[in-house]
Amino acid sequence: MVGLLDRRLVFVTGKGGVGKTTVAAALALFASEHGRRTLLCEVDAKGDVASFLETGPTAFTASEAMPGLWAMSMDTEASLREYLRLNLRIPVVGRIGPLARAFDFVATAAPGVREILTVGKLCYEVRERHYDLVVVDAPATGHIIGQLAAPQAINELVKVGLIRSQTDWMLDILSDPQQTAVAIVTTPEEMPVNETIELVDRIKKETTVELASVIVNRVLPELFGRSEEEVFDRLCGDDATEELTRLAGEDPAPVLTAARLAVTLRRTNAGHLEHLRSAVDPTVPMLYLPFLFARFHGLRSIRQVARSLGEELGF
Amino acid sequence: MTPRRAQVAPAGLGSLDGLLASREIIVACGPGGVGKTTTAAAAAAMAAARGGGKVLVLTIDPARRLADALGLDGIGNTERRVPNEAFASAGVTPRGELYAAMLDTKESWDALIRHHAPDDRTRDEILANPLYRNISGRFVQSHDYIAMERLFEIHSEGLYDLIVVDTPPTRNALDFLDAPERMAEFFSSRLLRWLIVPYRSRLVNLASRPFYQVADRILGTQFLADIAEFFILFQSMYDGFIERARAVQRLLADRRTSFIVVSTLETVPLREAEYFAQAITERKLHLGAIVLNKVLPDYLRDPKGAVVAERLRDRAEEIAVAIAPRLEVADTAQIRRVLVEVGQNYMDYRLVAQSEAEKRAELSTAAETLVSVPYFDTDVHDFAGLMRLGAGLWGE
């Protein structure tokens, strides 16, 4: 399988709340630090990318956030305008009023129009070789299929016209595993794992895009091996309490309870991970990123995640 | 608009218990991945158990085990009573009755079409229209709209004393609030009528208008014709739809309805939740409570705990040797490793717990109620688990 960094277009998706944007930003940062001219595109335009990279707000026109790393946010109307300018040579400025309203109408009425303008812009950047790698902070699990399958959907709905003629080259890029891949981010929790398993299946059945990896975020560290756990159990036993309190200077209960919590959480997570591993095609690589015990947010945490990601990718 | 109840908590409110007892509809919203669905189910279960009456929880996409716990597995759009045995398994005798339903978007849309269609032919044509099938099945906004629509439907039937509704994960925090309004705007838009004109009247020369020229070049005539056909069919239902969307909007703004925002204390979800809370207040909707889920327990911030943890970690060697006889473990190196791990683990979690506490303190909220639910070390996978979460919500 082609390495994640050796593709041209990588969609990063996952259930809400699993750290999708963090991982997308970390992947883009890591790629840019390894010599790839990288574009990071935020599709949902919530402004999370800007806050993670600690740059100013991102816009449809990409800006260089760091050396070799550009950031942009998707704006389907701007995408349409660009498309019209490049392909139809329509004097857009004069007519954008009615056109914008028409666009709003068509985009609302016809599923796939918004998606095709998003995917179209991304594929365009790939085709024109403006960047070595385009990393997409893609929509969450519920919407990613609609986006990845948009060119096919358009092919079914629209029989003629310019949009139709444009979908073929997009499909070529999306369907080529040398160029395009999707990575699913999850956490070792019940709902994210279940959604991931369903999504893996749907990507295979409903899209032409290759699944390059499942990235498990926020994996808790293993505190003890089995024999160490036995020692820990004795440490918690009544026989040891008095002595431990004397040695520690205070009641050790909060500290021991915290360790118990950590062990239980890790065990619950391990069960979900096992389920995930058994349900996903073993040829799909799984990458594990540790839980960050940290109070900072933003670029520092992205750098840490990027480092872990690099290790998992074998750098 | 209906005058709003004052934002100051009247006596007796200020708890989820009180909030749920005084409302007919509770809308649970918030960012994805924070336990919104489970929270809605637990709150409804508590309201049925303690408060009484008939309580319905309308969920969107529950985890399989939650669905199992509610006895919802494999059941679609219709409400089902959660059997008393479920409560009994949690050692609870409920005062009221709990019902649960899952929202099936496609089925709900079809029901809506059947309701509004002027005649059978129109109904069948719409249900068979490829564009309709796309819109009802895939169109994201349609989920938002239909959730609110279904809420309205169930509420107007008047079978339940309280409906707790979970909201679908949205791209944009506010989509579901705006969905009815947008749907109404959409169906009544002049543009829509304008677009349909050439297909209704053959007298208009399609090619003579620049707009159609552009639209035609981009989309193709056939697709435009498909859209027009669909909307001509739909036109017979415009009035019903618009009226309905407005009614949904009124219901959401009514004093019988209250919103609760669910979040965790992680940076990104919390920021989104604050945005939600603000939007609800700005729209003059009633923000009843903010629920913070998965909050790390207080003992992690115990100052004495930190002292102990650091000592265990930093003096692991000597403590290991001293305590080895009590543990009846000969391998002191192993004890040392355990002590270091235990100490470090506390310090790790403490860092996160402290950061959470700061964020909670900084939370700017106009909600009458702020509830913190502790981090449970296992998932909710049965009814007892749900009631345990419920007890946490009730502050027990």
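Have a look at A:Glu210, A:Glu229, A:Glu242 and point out the one that is touching a strand residue (DSSP E or B) at 6+ places or on another chain (Cβ under 8 Å) and acidic (Asp, Glu).
Numbers: A:Glu229 fails: touching a strand residue (DSSP E or B) at 6+ places or on another chain (Cβ under 8 Å); A:Glu242 fails: touching a strand residue (DSSP E or B) at 6+ places or on another chain (Cβ under 8 Å).
From the options A:Glu210, A:Glu229, A:Glu242, the qualifying one is A:Glu210.
Scanning for something more than 10 Å from chain A (Cβ to nearest Cβ) and not in a helix (DSSP H, G or I), does region B:376-383 turn up at least one residue?
In the first step, residues of region B:376-383 are kept if they are more than 10 Å from chain A (Cβ to nearest Cβ); the result is B:382-383.
Right, trim to not in a helix (DSSP H, G or I) and you get B:382.
Among the residues of region B:376-383, at least one is more than 10 Å from chain A (Cβ to nearest Cβ) and not in a helix (DSSP H, G or I), which makes the answer yes.
Which of the residues spanning region B:327-367 are of a type in the set (Lys, Arg) and buried (at least 23 other Cβ atoms within 10 Å of the Cβ)? Walk me through it before giving the result.
Taking region B:327-367 first, the residues of a type in the set (Lys, Arg) are B:336-337, B:350, B:359-360.
Within region B:327-367, B:Arg350 is the sole residue that qualifies.
Residues checked against (1) in a helix (DSSP H, G or I); (2) crowded, with 19+ Cβ neighbours inside 10 Å:
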residue: A:Ala183; (1), (2): no, yes
residue: A:Ala212; (1), (2): no, yes
residue: A:Ile215; (1), (2): no, yes
residue: A:Val231; (1), (2): yes, yes
residue: A:Arg234; (1), (2): yes, no
residue: A:Glu243; (1), (2): yes, no
residue: A:Val255; (1), (2): yes, yes
residue: A:Thr268; (1), (2): yes, no
residue: A:Leu276; (1), (2): yes, yes
Does region A:67-85 contain any residue that is under 19 Å from A:Arg300 (Cα atoms), modelled with pLDDT under 95 and within 14 Å of another protein chain (Cβ to nearest Cβ)?
no
Can you tell me which residue within region B:326-343, out of those that are within 9 Å of chain A (Cβ to nearest Cβ), assigned to a helix (DSSP H, G or I) and of a type outside the set (A, V, I, L, M), is farthest from B:Tyr375 (Cα to Cα)?
B:Arg326
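So which of B:Leu270, B:Leu285, B:Leu233, B:Leu300 is touching a residue at least 24 places away in the same chain (Cβ under 8 Å), away from every other protein chain (no Cβ under 14 Å) and either aliphatic (A, V, I, L, M) or outside any helix (DSSP H, G or I) (or both)?
Values: B:Leu270 fails: away from every other protein chain (no Cβ under 14 Å); B:Leu233 fails: away from every other protein chain (no Cβ under 14 Å); B:Leu300 fails: away from every other protein chain (no Cβ under 14 Å).
Result: B:Leu285 is the single residue among B:Leu270, B:Leu285, B:Leu233, B:Leu300 that is touching a residue at least 24 places away in the same chain (Cβ under 8 Å), away from every other protein chain (no Cβ under 14 Å) and either aliphatic (A, V, I, L, M) or outside any helix (DSSP H, G or I) (or both).
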From the set of residues in region B:236-261 that are of a type in the set (A, V, I, L, M, F, W, C) and more than 25 Å from B:Ala41 (Cα to Cα), which is surrounded by the most Cβ atoms within 10 Å (Cβ to Cβ)?
B:Ala245
Restricting attention to region A:219-228, which residues are in a helix (DSSP H, G or I), at the interface with chain B (Cβ under 9 Å from one of its Cβ atoms) and exposed (fewer than 14 other Cβ atoms within 10 Å of the Cβ)?
A:Ser227
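For region A:208-255, what are the residues that are more than 30 Å from A:Glu198 (Cβ to Cβ) and in contact (Cβ under 8 Å) with a residue 24 or more places away in the chain? Step through it out loud before you land on a result.
Initially, region A:208-255 is screened for residues more than 30 Å from A:Glu198 (Cβ to Cβ), giving A:223-255.
A:Leu223, A:Phe224, A:Glu229, A:Phe232, A:Cys236, listed by residue number.
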Quickly run through region B:79-125 and pick out the residues that are buried (at least 16 other Cβ atoms within 10 Å of the Cβ), of a type in the set (Gly, Ala, Ser) and either part of a helix (DSSP H, G or I) or out of contact with any strand residue (DSSP E or B) (no Cβ under 7 Å at 6 or more places or on another chain) (or both).
B:Ala86, B:Ala90, B:Ser108, B:Ala111, B:Ala117
Please verify whether region A:256-272 includes one or more residues that are more than 30 Å from A:Glu210 (Cβ to Cβ) and more than 35 Å from the chain's Cα centre (by Cα).
yes
Name the one entry in B:Val307, B:Val262 that is within 14 Å of chain A (Cβ to nearest Cβ), under 28 Å from B:Glu356 (Cα atoms) and part of a helix (DSSP H, G or I).
B:Val307
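Rundown of residues vs (1) surrounded by fewer than 16 Cβ atoms within 10 Å (Cβ to Cβ); (2) among the acidic types (Asp, Glu); (3) within 14 Å of chain B (Cβ to nearest Cβ); (4) touching a helix residue (DSSP H, G or I) at 6+ places or on another chain (Cβ under 6 Å), yes/no style:
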site: A:Pro252; (1), (2), (3), (4): no, no, yes, yes
site: A:Ala258; (1), (2), (3), (4): no, no, yes, yes
site: A:Ala279; (1), (2), (3), (4): yes, no, yes, yes
site: A:Thr283; (1), (2), (3), (4): yes, no, no, no
site: A:Leu287; (1), (2), (3), (4): no, no, no, yes
site: A:His297; (1), (2), (3), (4): no, no, yes, yes
site: A:Arg300; (1), (2), (3), (4): yes, no, yes, no
site: A:Ala306; (1), (2), (3), (4): no, no, no, yes
For region B:97-123, what are the residues that are among the charged types (D, E, K, R) and either more than 23 Å from B:Ala69 (Cβ to Cβ) or over 19 Å from the mean Cα position of the chain (by Cα) (or both)?
B:Glu97, B:Lys106, B:Glu107, B:Asp110, B:Arg114, B:Asp119, B:Asp120, B:Arg121, B:Arg123
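Please verify whether A:Val193 is surrounded by 20 or more Cβ atoms within 10 Å (Cβ to Cβ), within 27 Å of A:Ala279 (Cβ to Cβ) and in contact with a Pro (Cβ under 9 Å, 6 or more places away or on another chain), treating the condition exactly as stated. Give the steps one after another, and end with the answer.
On the way: surrounded by 20 or more Cβ atoms within 10 Å (Cβ to Cβ): yes; within 27 Å of A:Ala279 (Cβ to Cβ): yes; in contact with a Pro (Cβ under 9 Å, 6 or more places away or on another chain): no.
When the stated conditions are applied, A:Val193 does not pass them.
Counting residues that are without any contact (Cβ under 8 Å) to a residue 60 or more places away in the chain, over 30 Å from B:Gly35 (Cβ atoms) and not aromatic (Phe, Trp, Tyr), which strands (runs of 3 or more DSSP E) fully inside region A:1-80 reach at least 3? So that I can check it myself, show each step before the final result.
On the way: elements: A:9-14, A:38-42, A:63-66, A:69-73.
Output list reads A:63-66, A:69-73.
The values are calculated or read from the model by the stated rules, or taken from the named source; none is laboratory data. As the structure is a computational prediction, the values presented were derived from the model and not from experiment. So basically every Cβ, Gly included, is an ideal-geometry build from the backbone, and we count neighbours across all protein chains shown.
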